[in-house]
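Below is one structure, written out as structure tokens; the observations come after it.
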Amino acid sequence: MLAAALGGSGQWDVRVYSGSVGEALRAAFAECSAVVSFLATGATVRVLAPVLGDKTTDPAVVCVDEARRFAIALLGGHHGANDLARRVADVFGPGCQAVVTTASDAIGVAALDGFGADLGFGVADPELLAPVGAAVLSGSPVNLLVDRQWPLPALPPNVCSDAGGAYTIAISDLADEPAERTLRYRPPSLVVGVGASRGASADEILETIDAALAAGNLSAVSVARLASLDIKASEPGLVEAAARRGWPVEFYPAAQLAQVPVPNPSPVVSASTGTASVAEAAARYDGPGRPLADLVVEKVKSARATAMATAAVGRLRPRGRLALIGLGPGARDLLAPRAVEELRRAAVVVGLDQYLAQIGDLLRPGTQVVASGLGAEEERARGAVELARTGQAVALVGSGDAGVYAMASPALDYADRDDIDVLCVPGVTAATAASNVLGAALGHDHCAISLSDLHTPWPVIERRVRAAAEGDFVVSFYNPRSRQRDWQLGAALEILAARRPPGTPIGWVRNASRADQSYGVTTLDLFDPAVVDMYTVVIVGCSQSRIVAGRFVTPRGYTWAA
Ligand code: SAH
């Protein structure tokens with residue numbers, strides 16, 4: 001069955017060896033470029049050990065167990081065994097799994113068939129996906145030709161410009177011819193601005209668009225959309241032209257288009273429509289506040305005698321992508337699957353070295369890691385935004401939730417132009433992590449207060465603590481105490497104690513969910529702030545909170561003792 005399936009592909013000349021297993025296996029190893037052994041891994045190793053040579057010249061070896069559950073790439077993983085193991089597993093069906101143990105494969109390289117799909121990339125040469133994908137996975141050098149920086153996930157280090165390999169991955173909106181061993185991706189980077197007189201036919205409009213694309217040597221597959229003036233929104237020829245090619249069309253008001261600088265403004269067009277350019281301006285305009293596209297083909301007029309259509313082509317700037325990712329309190333299983341997905345979507349990951357060390361194994365091979373030490377928060381946030389502005393896919397990571405006393409706010413403050421895409425992935429913040437260690441401390445109205453007076457003046461913090469005391473909120477204190485800030489927690493607790501019974505529960509959790517987690521629950525009158533440091537969160541109950549069987553519980557009940 002396997003011989004027929006592999007031989008049938010025409011890729012291999014398949015031979016079946018039988019007889020004495022040792023001799024058969026050694027003969028196959030001597031004569032073939034790849035071997036599938038139906039012996040246990042141990043037996044295979046013992047038979048082949050004496051004849052093993054160099055991995056670049058030895059045949060690849062895959063072992064398959066008797067029950068056909070595993071196809072194990074045993075020898076020469078990057079020299080054919082990984083690919084062969086996958087092929088063999090395919091042939092044996094879903095019950096059989098390829099076992100690949102080489103490093104890059106274990107971590108997971110981005111799959112080529114979906115590469116750039118979320119950005120709208122199209123594949124011009126799908127027949128090359130399999131061989132190029134195999135080359136990428138096997139660690140062979142693959143050339144990378146990109147027209148501009150795109151916010152794509154990381155590619156492994158063997159895929160790079162001037163890699164000198166047999167295959168090339170090219171990303172471009174140019175209408176280049178197919179080239180041997182070049183897998184071409186088409187980014188949706190082009191906007192065709194279209195002007196059409198009333199009654200212009202779809203044929204005339206499409207001819208004009210095609211002429212404009214040809215003038216720039218541009219691929220129609222890279223057309224992201226057509227664009228025109230809003231009063232053309234129901235022009236039948238234009239609507240039909242777009243529908244025929246499956247292109248979306250955007251329509252903009254004259255007032256917006258009139259603002260766009262163009263090389264060929266027309267006073268006549270201005271008099272009749274209110275904008276001196278339709279085709280060129282619509283090709284550049286990308287919505288309010290967004291950067292203008294570069295005009296790559298100036299206005300082309302219809303070649304027909306009727307001359308009722310114009311077209312111009314703009315090239316959109318790739319929008320970088322910034323993901324603000326909360327890693328949770330520490331434990332791997334409290335890290336959201338979405339955060340993992342976004343870490344693997346990024347090409348650059350920025351954060352504190354201690355957090356990056358926690359998640360290094362999740363990153364795709366080839367991911368650039370920008371680690372920094374404590375402090376310099378603003379710089380880190382600014383650096384991440386700047387990197388995203390170069391068009392890259394950047395992840396800025398922080399502990400807990402990235403939006404709670406963390407990097408998301410400085411980053412978003414700095415990202416004050418609509419030139420990148422930003423998304424935020426929530427993480428379990430220290431207060432909820434700690435509340436769950438202690439019991440149900442946050443069971444009713446609660447607030448969080450950071451006691452760090454490095455950024456916030458103490459009088460402001462004090463005012464909030466008083467308000468929390470007055471409002472009878474459960475309070476979670478972040479940044480409760482450090483070597484330099486040793487009196488603030490005591491001062492804050494005094495304010496709360498003045499309004500709460502001495503038996504009010506207070507809990508602290510240090511390194512919640514981490515290997516060295518510790519915690520304690522006691523009452524306000526007995527609490528010693530010295531047990532607390534900067535890895536700790538402190539939760540003070542409200543007047544209704546209780547200690548029940550050692551657990552800190554704030555009742556949910558509405559039978560409030562006023
Ligand atoms: N963004 C983080 C908070 C950063 S401020 C979050 O959402 O959790 C840093 C403070 O958070 C620390 O001083 C400490 O008070 C608290 N903290 C963060 N992680 C913690 C953990 N695993 N256990 C206890 N406290 C933690």
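Between the residues C160, A233, G287, the greatest Cα displacement towards the positive end of the dipole of the stretch 152-289, with unit charges on the Cβ of Lys, Arg, Asp and Glu, is found for G287.
Take the solvent-accessible surface of the protein heavy atoms, probe 1.4 Å, and return the percent of it on the stretch 1-85 that carbon and sulfur atoms account for.
Numbers: 2560 of 4750 Å².
Carbon and sulfur atoms account for 54 percent of the accessible area of the stretch 1-85.
Most tightly packed first, judged by the mean number of other beta-carbon atoms within 10 Å of their residues, the peptides 78-87, 543-552, 366-375 read 78-87, 543-552, 366-375. The Cα center of the stretch 431-467 and the Cα center of the stretch 186-244 differ in position by 57 Å.
When Lys and Arg each count +1 and Asp and Glu each count -1, what net charge do the other residues less than 15 Å away from R68, Cβ to Cβ, add up to? That sum, taken over residues with Cβ under 15 Å, equals 0. For the chain, hydrophobic long helices are taken as DSSP H runs at least 20 Å long by C-alpha position along their axis with mean Kyte-Doolittle hydropathy of -0.5 or more; none is present.
Put simply, when 417-425, 89-97, 501-509, 221-229 are sorted by average Cβ atoms within 10 angstrom per residue, most first, you get 221-229, 501-509, 417-425, 89-97. With K and R counted +1 and D and E -1, the other residues having a Cβ less than 14 Å from that of A40 yield a net charge of +1. Neighbours of G93 by Cβ distance under 15 Å: Lys/Arg scored +1, Asp/Glu scored -1, total +2. Model label sites at D90 and R463, defined 7 Å from Cα along the beta-carbon direction, differ in position by 6.7 nm. Note on the stretch 82-161: with charges restricted to the Cβ of Lys and Arg (+1) and Asp and Glu (-1), its dipole about the Cα centre is near 160 debye. Across K232, K299, the residue with the most accessible area heads the list, and the full order at a 1.4 Å probe is K299, K232. Peptide packing for 166-177, 321-332 was compared via the average number of neighbouring C-beta atoms within 10 Å per residue; ordered from the highest value, the list is 321-332, 166-177. Computed from the Kirkwood radius of its Cα pairs, the Stokes-Einstein diffusion coefficient for the chain at 37 °C and 0.692 mPa s stands at 114 µm²/s. Taking the 1.4 Å solvent-accessible surface of the stretch 406-525 as the whole, the part contributed by carbon and sulfur is 51%.
What fraction of the DSSP beta bridges in the chain is antiparallel, stated in percent and rounded to the nearest 5? Present the calculation step by step, with values, prior to reporting the outcome.
On the way: 37 of 90 bridges.
Of those bridges, close to 40 percent are antiparallel.
So if I place +1 on the C-beta of Lys and Arg and -1 on the C-beta of Asp and Glu, and nothing else carries charge, what would the dipole magnitude of the chain be about its Cα centre? I want it in debye, nearest 20. Dipole size: approximately 880 debye.
The values are calculated or read from the model by the stated rules, or taken from the named source; none is laboratory data. Predicted model, so just to flag it, every value in this text is computed and none were measured. As a convention, Cβ positions derive from the backbone with ideal geometry for all residues, glycine included, and neighbour counts pool all protein chains shown. Calculation scope for accessible area: heavy atoms of the full protein, side chains included, ligands and nucleic acids excluded. Shrake-Rupley method; radii C 1.70, N 1.55, O 1.52, S 1.80 Å.
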